[in-house]
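*Asks:* Below is one structure. I have some questions about it.
What follows draws every value from the coordinates through simple rules; no lab data is involved. Keep in mind the model is a prediction, meaning the values are calculated, not measured. Don't worry about glycine lacking a Cβ; one is built from the backbone with ideal geometry, like all the others, and counts go over all protein chains shown.
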Number of protein chains: 2
Amino acid sequence: MKKEISDKVINRLTLYHCILQDFIKNDEEYISSGQIASLLRIDDSQVRKDINLLNKSGKSRVGYIVKELKKSIETTLGFSKTKRAYIVGAGNLGMALANYNNFSNYGLNIVSLFDNDPDKIGREINNKKILDIKELPIYVWQHYIDIAILTVPAQFAQSSAQFLVNAGIKYIWNFTPTVLKVPDDVQVWNENLMGNFLQFTYDIN
Amino acid sequence: MKKEISDKVINRLTLYHCILQDFIKNDEEYISSGQIASLLRIDDSQVRKDINLLNKSGKSRVGYIVKELKKSIETTLGFSKTKRAYIVGAGNLGMALANYNNFSNYGLNIVSLFDNDPDKIGREINNKKILDIKELPIYVWQHYIDIAILTVPAQFAQSSAQFLVNAGIKYIWNFTPTVLKVPDDVQVWNENLMGNFLQFTYDIN
């Protein structure tokens, strides 16, 4: 049975995973909750509580076994459950995400990009082809695609979202600074960069 | 006196602000909490509670006055308190952030970029110059800069962070998938894209 894990815990587990990758690179076999806590400046007890939510913690007498803990996070968060996605909008941000090879480690397989710029269509970015946005509806119909990653300029965000919805897309990862209007059966995740920035800077005088 | 506002509320207020901008574009004078709630698929009462945290809500008999509510969010979240930042790493992601004009509306002024690639140094992106990373320490010393936005490839993340710390930087907005080791007086905000992605996709079968 799948345990309920809150967004905050998912976020922290992903950061623990980053740390574990570094430990593996440095051939470290064990890690303590205290080491993780101190790198992230959070409470030791918080780290232990999060790790206890995993099916297997890989705990040994000298600390957690790095490789086992890493694997356990991957299983719990479903890294091996591959989700297929494409990027809509091959501007700088779309290109940046297409070039970001780290995604595949987390089960996100970016298949291709779509754009309406004739100069971009047909080019390849990191082995992903840029396709004509006009072909998107037939493409969605032919391939099984979970997620559209929306990286168009703000003024085209709503019309692009409508186009995606009409093509049958049910999940939109929205990188535009626009709140999209979509039907109830379509899920939108707002990657709210400015909200994150303001959380960070709220306390800077 | 500054009220304590939680990260979640800051995040939501930023989304309300996006909606208000759209309403202004469409010449709408009033907005109800229900309209905001339905666009974000959250509870009406949640929206009203958040808005009550603002110093002035701009409430009238026929709904909130769009322009006043927008202004009030800006004042509360300190959009007018400009923070100066530069981007370290002029790759696709750095370029995307440099091109993102929306930041300045929220008080984030990206002054310039830094890179070590001779082909990039001296070029301009969106009126921001790409400078030689070697000049960064003297630059930090001469200009008052609040924030470094770290967008280098993962393998250079820790060494770049160390370089920034040595140059006197106290705030790092970290877009690399690496947990940085920095002294206690340096604050790091991890822009944890994968954590966000996994929160979004955790429930997709």
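*Asks:* When Rg is the radius of gyration of the Cα atoms in segment B:36-121 and Rh is its Kirkwood radius, what does Rg/Rh come to?
*Replies:* In segment B:36-121, Rg relative to Rh is 1.18.
*Asks:* Per-residue HN-Hα couplings for segment B:66-82, Karplus 6.51 cos²θ - 1.76 cosθ + 1.60 at θ = phi - 60°, whole Hz, x for Gly and Pro?
*Replies:* 3, 5, 6, 5, 4, 4, 5, 5, 4, 5, 5, 8, x, 5, 7, 7, 5
*Asks:* Let me ask something additional. Normalised by the number of residues in chain B, what is the relative contact order in percent for Cα pairs under 8 Å and 6+ residues apart?
*Replies:* So the answer I get is 13 percent.
*Asks:* Turning to a different aspect of this structure: For B:I149, list long-range residues whose amide hydrogen, built 1.01 Å from N in the peptide plane, is under 5 Å from its own amide hydrogen.
*Replies:* Amide H to amide H, under 5 Å and 5 or more residues apart or across chains, B:I149 pairs with B:Y86, B:I87, B:V88, B:W173.
*Asks:* Sort A:I145, A:I5 so the one with the fewest other Cβ atoms within 10 Å of its own Cβ comes first. Intermediate results must be reported in sequence, preceding the final value.
*Replies:* Values: A:I145 22, A:I5 17.
If I rank by nearby Cβ atoms, fewest first, I get A:I5, A:I145.
*Asks:* Skipping prolines and chain starts, which residues have an amide H placed within reach, meaning under 5 Å, of the one on B:Y30, given they are 5 or more residues away or on another chain?
*Replies:* Under 5 Å from the amide H of B:Y30: B:V66.
*Asks:* May I pose another question? Using the Cα atoms as the points, what is the convex hull volume per residue of the protein assembly as shown in Å³?
*Replies:* Convex hull of Cα atoms, per residue: 161 Å³.
*Asks:* Counting pairwise Cα distances across segment B:7-77, what percent come out greater than 15 angstrom?
*Replies:* Working: 1111 of 2485 pairs.
Percent of Cα pairs beyond 15 Å in segment B:7-77: 45.
*Asks:* For segment B:1-77, which GluC sites (Glu not before Pro) are in a loop by DSSP, counting at most 15 other Cβ atoms within 10 Å? Spell out each step's value before the answer.
*Replies:* Working: sites: B:E4, B:E28, B:E29, B:E68, B:E74; in loops: B:E4, B:E28, B:E29.
Here the sparse-neighbourhood loop sites are B:E4, B:E28, B:E29.
*Asks:* For each of A:T178, A:T75, count neighbouring Cβ atoms within 10 Å of the residue's Cβ, then give the residues from fewest to most.
*Replies:* Ordered from fewest to most neighbouring Cβ atoms within 10 Å, A:T178, A:T75 come out as A:T75, A:T178.
*Asks:* Hey, another quick one. Say a label goes 7 Å from Cα toward Cβ at B:D7 in every copy; what distances in nm does this one have to the rest, shortest first?
*Replies:* Label-point separations across copies, in nm and ascending: 1.1.
*Asks:* Moving on to the next point. At a 10 Å Cβ-Cβ cut-off, how would you order B:V165, B:V88, fewest neighbours first?
*Replies:* With the sparsest Cβ surroundings first, the list reads B:V165, B:V88.
*Asks:* Do any trypsin sites (Lys or Arg not before Pro) in segment A:1-34 lie in a loop, going by DSSP, with at most 11 other beta-carbon atoms within 10 Å of their beta carbon, and if so which?
*Replies:* Counting only loop positions with at most 11 other Cβ atoms within 10 Å, the trypsin sites (Lys or Arg not before Pro) in segment A:1-34 are A:K2, A:K3.
*Asks:* What are the distances, in nm and sorted shortest first, from the label point of B:N55 to the label points of the same position in each other copy, with each label point placed 7 Å from Cα along the Cα-to-Cβ direction?
*Replies:* List, nearest first: 5.3 nm.
*Asks:* Another question, then. Given the -39500 (n - 2.57) contribution per DSSP H run of 4+ residues, what per-residue ellipticity at 222 nm results for chain A, rounded to the nearest 500 deg cm²/dmol?
*Replies:* On the way: 8 runs with 82 residues, N = 205.
So the calculated ellipticity at 222 nm is -12000 deg cm²/dmol.
*Asks:* If the limit is 20 Å between Cα atoms, which of B:K25/B:K71; A:K181/B:K25; A:K67/A:K128; B:K83/B:K134; A:K81/B:K8 go over it?
*Replies:* Violating the 20 Å Cα-Cα cut-off are A:K67/A:K128; B:K83/B:K134; A:K81/B:K8.
*Asks:* Oh, and also: If I model a spin label as a point 7 Å beyond the Cα along the Cα-Cβ vector, how far apart are those points for B:E68 and B:I138 in nm?
*Replies:* Calculated label separation equals 5.4 nm.
*Asks:* Report the Cα-based extents of segment A:156-202 along its three principal axes, largest first, to the nearest Å.
*Replies:* Principal extents (Cα only, largest first): 39, 20, 12 Å.
*Asks:* State to the nearest 20 debye the size of the charge dipole of chain A about its Cα centre, where the only charges are +1 on K and R beta carbons and -1 on D and E beta carbons.
*Replies:* Details: 24 positive and 22 negative charges, 126 e Å.
I would put it at about 600 debye.
*Asks:* Under the convention of a label 7 Å out along Cα→Cβ, give the distances in nm from B:D119 to the same position in every other copy, shortest first.
*Replies:* Spelled out, the distances from B:D119's label point are 1.7 nm.
*Asks:* Scaled to the compact-protein estimate 2.2 N^0.38 Å, what is the alpha-carbon radius of gyration of chain A, rounded to two decimal places?
*Replies:* Output field value: 1.19.
*Asks:* Follow-up. Using the crude model of +1 on Lys and Arg Cβ and -1 on Asp and Glu Cβ, and no other charge, please compute the dipole size for segment B:83-195 relative to its Cα centre, in debye to 20.
*Replies:* My answer is approximately 140 debye.
*Asks:* Then there's this: If we restrict to alpha carbons, what Rg and Dmax does segment A:83-195 come to, in Å?
*Replies:* For segment A:83-195, the Cα-based Rg and Dmax read 12.9, 37 Å.
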